[in-house]
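Here's the structure we're looking at; comments come further down.
Nothing in this text is a laboratory measurement; each read-out follows from the coordinates by a stated rule. Please read all numbers here as calculations on a predicted model, not as lab measurements. Here the Cβ is made from the backbone with ideal geometry for all residues, glycine too, and neighbour counts use every protein chain on show.
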Amino acid sequence: MKYMTRKATRHVSQNEGLIFEKSGAGKAAWKLPPLDVPEVDTAKLLGPAERKDLGNMPEVSEIEIIRHFTRLSTWNYAIDLGMYPLGSCTMKYNPRVNEVVSRLDGLANGHPCQPEDICQGALRIIKILSECLTEITGMEAITLQPAAGAHGELTGLLMVRAYQQSKGNPRKKILIPDSAHGTNPATAGMVGYSVENLKSNARGMVDTAALTAQTNEDVAALMLTNPNTLGIFEQEIHKIAEIMHAKGSLLYMDGANMNALVGKVRPGDFGVDVMHLNLHKTFSTPHGGGGPGSGPVAVKQMLEPFLPKPVVITKPDGTLGFEYDRPMSVGRVRAFYGNFGMFVRALAYILANGPDGLRQTTEDAVLNANYIRKGIEGAYDLPYPTPTMHEVVFSDRLQAKKGVKTMDIAKRLIDYGFHPYTTAFPLIVPGALMIEPTESESKEELDLFIEAMRSIAEEVEEDPKIVLDAPHSTRVSRLDEVAAARKPVLRWKPA
Amino acid sequence: MRYLPKSPGDREAMLKTIGARSIDDLFASIPAEYRLNRDLNVPRQMAESEIVDWFRQRSNESGDGHAIFLGAGVYYHYRPVIIDSLISRGEFLTAYTPYQPEISQGTLQSIFEFQTMICELTGMEVANASMYDGSTAAAEAVMMAVRLTGRRSVVIARSVHPEYREVVATYAWHQGMPVSTTGFTDSGGLDPKELERSITQDTACVLVQSPNFLGAIEDVAAVADIAHKHGAMLVVSIAEAVSLGIVEPPRQADIIAMEAQSFGVPPGFGGPYCGVIATREQFVRQLPGRLVGQTTDKNGKRGFVLTLATREQHIRREKATSNICTNQALIALMVNIFMTIYGKAGLRELAKQNLAKTAYAAEQFGIHATVLFANAPRFNEFVVQTSEDPYAINSRLLGHKILGGLPLKKLYPELGNAALWCCTEMTTRTAIDTAVGLVAESERSTRAMKEADVRSDIEEVAR
């Protein structure tokens, strides 16, 4: 309690109902220009297809809309307000120049079907970003088409399957460590593979003996996150790659934690065959409350023929264009070329950093995580003492003795002015506190966070109720999620 | 590096606290032989002004300032300025997925309003928080129908967006789901007789788009009857959301897979856009993607949370309804603000202007060339068949700063020299008249050339 006012304090929070509750017949926030062509008889043109009524759509004025959404916005926490230490989410600063350049007219208003010779600028952005990302990952070819990380996983596994098929047998299984993100097994399921769990060893890494025993001609690939979700670099990564390759299996890397590696080590160099990136994590595109993301997939040469189509190529006359004639391609995974607006932002980020900035970024991300680890070690249980990189995972073992769980500590952190860390993940750590500060935090912010965490640990000892009842400072207290799921109310209805 | 908030002194002090001699100590777990001992080969660090200049050049190379008749799943509608003012607020822009509801009520309430408005507009009972785009929404909707019916195959109308069909085929391929297509009639709508022949006992769903790729509004009720008669579901894709202001929604559908780009999202060279799936309440447990639900807090105050998470990957893992995690939240917010601005009356008026511009353009083109499927009710797209190759016509239009309709030769070779034209409220009568004038000129000269050919043939025969 003693440090509580250091980062945050209470302020007035405006109440605001649902937009439908402000609606009044005849109010409007729109005005169309006069029609410069003859009016039409809609009944005649559309017949029975004409719609007569738009139900309960709202009618409000412009100032009401501004206030509505501005008030709503103030109920959100955001990176712009402070540290957002969600593990494996890489909530870093979203540079504003990215937003400016992505809104330039020729880029924001380019139509995906316009002739290639008048979209050379857009194509060049795709090409240069592709080159930068293949260099950063040490891979040999890339597609930017997938719309998010999980979509990248789907694309990557489709390519694995097509590759294995081309060798005569698509195989049956994907090996996935027990520390993996839930999208990994969900993706394997979508591509028609069964999932085999791979146990971690006592140090929190892949058990290579178990891996050897489980890898056979039925295994299409291993999906590995490196550093893994404990923040631990898989030191035996090359051996892992060798075990897979010896049986004709591929090594898939989930690039969620690429922020620990950029400019320091390249997955392509340590034996990875296919991987996805999250531009909305490592490359600073804003998370926007849950998207849009972008999930490029980088591959080694032998997987290149299977990339989704189209791919950008340089034509004989030196201009850029799309190549559609790719008979071995897995096909399209999305209409058009992917989340182009995210490509613009990611490239702007790379240009703002350059090689030195990218390396310093990675170093600072790892430095910050280790500083936090050092700062709260002792106050919280560290289940795996192995050195960690950009994130660290503690457990609530010490606090659980007082009946306080990771979610309670997380909720109390809100009162201290921070967004919670990731709770209860990875699954191999019961009661996990998964913390990733990213490079965007100053020493002062980190010190405040460490103070807050230590202070909460003290509160657990002295007055656990204050933690169990947290948060105390938000406009709503803990919400009844069980009731929400039992009797779902998924839309507003007029009274 | 200007994004990094640390002085060299801070770094040194922090290393000292940790007990590390240098930063390299923190990377010691990476085997030495893989460490990168050189600079990455990426462009050098640039100043902000240089970055803006560089992208401005790329923007200038990307066809700024044209009058545009392209639609085909991506539509130019006016974007009210307050959309960008509001979504640029850091509290929306830089927030994560709202897993911590106490400090995410802004995002959660706005998604709840989004779900409500999508339900109102589509006539469905539930809508999710968004999907990547219309094409993946269509693919996920088809897979949802497969789970709900326990059947394996899908029949897709050939008048569904060709790229949407490709995406569905990719998703279906490795699952061993047979995909067949059904053609369209002279009126541009799905051919019911062919559909009857295509549906089998194993058909999970029929996928149609309305208004379809060729601009025609499908007779959804009739298609639904055929699908339901055979125990299959009807999935309807809507690519042009503004049509919902004046076109009756496909209420007979079981699942609607929508692309909401038209609602305030810039064309942006193909994305990011905003897909969404809407359906009936009874199917909600098979719905992929995030859902926001209303509940109360400990004091009985109304609040919103992500709900029914047992459908999702982070709980269900390999048994999840989909692997989708990050979706399109900020784009859904754009859509939400757009729907709020236009609302009940504005959406209808907006749609009416689209209808009027299109009716005028189709009529004008029809005087000089052939407008195919002329009798079908349509919204804002139509197919014009010319004597000359539409690519050649388009390159002349480009000289007048006009992007003509999308040539259909590669997609629908049977339609000959045809192109898909689109008008919205942004299309001016002047642009329409100029484009029509150039097409008329093309028709005249092609006809004159043909007549000259015929004359010379006759003369040759006479000799």
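How large is the helix-only mean residue ellipticity at 222 nm for chain A, computed as the sum of -39500 (n - 2.57) over DSSP H runs with n ≥ 4, divided by its residue count, in deg cm²/dmol to the nearest 500? Using -39500 (n - 2.57) per qualifying helix, the result is -10500 deg cm²/dmol. Each Cα pair under 8 Å and six or more residues apart adds its sequence gap; the mean of these over the residue count of region B:344-461 is a relative contact order of 29 percent.
Out of the DSSP beta bridges found with both residues in the protein assembly as shown, what percent are antiparallel (nearest 5)?
Antiparallel bridges make up about 55 percent of those DSSP assigns within the protein assembly as shown.
Given R0 = 30 Å, the distance between the Cβ atoms of residue B:400 and residue A:319 translates into a calculated FRET efficiency of 0.85.
On the beta carbon distance between residue A:116 and residue B:187, with R0 = 25 Å, the FRET formula returns roughly 0.15. Apply the membrane-span-like helix rule to chain A: whole DSSP H runs, Cα extent along the own long axis of at least 18 Å, mean Kyte-Doolittle hydropathy at least 0.0. List the helices found. Span-like helices here: A:120-137, A:340-376. Oblate is the label for chain A, because the ratio a/c of its alpha-carbon gyration tensor axes (a ≥ b ≥ c) is 1.5 or higher and a/b is not greater than b/c. Taking every DSSP beta bridge that has both ends in region B:82-339, the antiparallel portion is near 45%. Cα centroid separation, region A:142-215 to region B:130-147: 22 Å. By the Cα gyration tensor, chain B has an equivalent ellipsoid whose semi-axes, rounded to whole angstrom, run 45, 32, 23 from largest to smallest. Among the listed pairs A:22/A:281; A:281/A:493; A:52/B:229; A:281/A:443, those with a Cα-Cα distance over 26 Å are A:22/A:281; A:281/A:493; A:52/B:229.
Determine the distance separating the Cα centre of region A:380-402 from the Cα centre of region B:396-420; give it in Å without decimals. If you average the Cα positions of each part, the centres end up 62 Å apart.
Quick one: of A:199/A:247; A:92/A:411; A:402/B:319; B:357/B:450; A:173/B:319; A:92/A:309, which pairs are farther than 25 Å apart, Cα to Cα? Violating the 25 Å Cα-Cα cut-off are A:402/B:319; B:357/B:450; A:92/A:309.
Place a point 7 Å from Cα of residue B:147 in the direction of its Cβ. Which residues in region A:186-201 have their backbone N less than 11 Å from it? Flagged as within label range: A:190. Look at the Cα gyration tensor of the protein assembly as shown: its axes a ≥ b ≥ c give a/c of at least 1.5 with a/b over b/c, and that counts as prolate. Sorted ascending by nearby beta carbons within 10 Å, beginning with the fewest, B:89, A:412 become B:89, A:412. With contacts taken as Cα pairs under 8 Å and at least 6 residues apart, chain B reaches a relative contact order of 19 percent. Legend: residue pairs A:7/A:374; A:487/B:301; A:44/B:410, Cα-Cα distance threshold 25 Å; pairs beyond threshold, A:44/B:410.
Using the Karplus relation 6.51 cos²θ - 1.76 cosθ + 1.60 with θ = phi - 60°, the per-residue 3J(HN,Hα) values for region B:188-194 come to x, x, 4, 7, x, 5, 5 Hz, with x marking Gly and Pro.
Per residue of A:305-312, other chain Cβ atoms within 10 Å of the residue Cβ number 1 on average. For peptide A:264-277, the mean count of partner chain Cβ atoms within 10 Å of a residue's Cβ comes to 2. Oblate is the label for region B:226-312. Its Cα gyration tensor axes, ordered a ≥ b ≥ c, give a/c of at least 1.5 and b/c at or above a/b. With neighbour counts taken as other beta-carbon atoms within 10 Å, the residues B:290, B:316 rank, fewest first, as B:316, B:290.
Helix B:134-149 and the longest principal axis of the Cα set of chain B meet at an angle near 80°. For residue B:181, the residues whose amide H sits under 5 Å from its own are B:156, ignoring neighbours fewer than 5 places away on the same chain, with H placed 1.01 Å from N. Modelled this way, with points 7 Å down the Cα-to-C-beta line, the labels at residue B:285 and residue A:463 are 4.5 nm from one another.
Normalised by the number of residues in region A:338-472, the average gap of Cα pairs under 8 Å and 6 or more apart makes the relative contact order 27 percent. Within chain A, DSSP assigns beta bridges of which about 55% are antiparallel (rounded to the nearest 5). Mean partner shielding of peptide A:128-139, defined as the number of other chain Cβ atoms within 10 Å of each residue Cβ, is 2.
Residues B:237, A:440, ranked from the fewest to the most other C-beta atoms within 10 Å, line up as A:440, B:237.
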